[in-house]
1. Just the number please: accessible area per residue for region 1-164, 1.4 Å probe, all protein chains included, in Å².
2. What's the carbon and sulfur percent of region 1-121's accessible surface, probe 1.4 angstrom, rounded to a whole number?
3. For the Cα atoms of the chain, what angle does the longest principal axis make with the long axis of helix 66-84, in degrees from 0 to 90, nearest 10?
4. Rounded to the nearest 0.05, what FRET efficiency is calculated for residue 124 and residue 159 with R0 set to 22 Å and r the Cβ-Cβ distance?
5. Under unit Cβ charges (Lys, Arg +1; Asp, Glu -1), what dipole magnitude, rounded to 20 debye, does region 1-164 have relative to its Cα centre?
Amino acid sequence: MFRILFWTTLLGAIDELIQYLWITISYSEYLDFNDILVNMPGGAAGVLIYYGSSRPHQLPASRPPRLELFTALVLSSAIMLGVHTERVVTTPKVKVPAGGFVRDKGEAATLRFYLQRTVPPRYASYNQSPYRGQYWILDPASGIALTLLGGVLFGVLVRQAIQIRPD
């Protein structure tokens, strides 16, 4: 079940990235970590609905999630390297064009990817909603941490529920 939740959440994050880069470029100002976080409990709900009525012996075999751990390690390493080398930037100093990619002028001409496009920054602040007052915009570190925490809690709680569930 952890595997399904992992891939569902990762595909949801990729969908959010595609929206920021391509689909919503006319009005989107930041990569939305709120939506990435909300995709995780949605995936968890789908897993629970699908496997909720199964007996423990009918659940998929639980082996170590090697592929998922390797994928998470590669992705987190690439993101950390991008942030460290400043090719992935969370806060722009000037307004960034739609899509979030900017090539620096000069000899190096470094291509940078900005997670938000506006000045002043939008992350870690309240935004006015057109329908329901204000909402908090998660910054990348908080959004990723909360998503990982939710996934780990889901895995622990499901494992405990399977172990104590009567046949």
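1. I get 67 Å² per residue for region 1-164.
2. 66
3. Rounded to the nearest ten degrees, it is 20.
4. 0.10
5. Charge dipole, region 1-164, about its Cα centre: 180 debye, nearest 20.
The values are calculated or read from the model by the stated rules, or taken from the named source; none is laboratory data. Model, not experiment: these values are computed from the prediction. Glycine also receives a Cβ, built like all others from the backbone with ideal geometry; neighbour counts cover every protein chain displayed. In case anyone asks, the SASA skips ligands and DNA or RNA and just uses the protein heavy atoms, side chains included. Shrake-Rupley method; radii C 1.70, N 1.55, O 1.52, S 1.80 Å.
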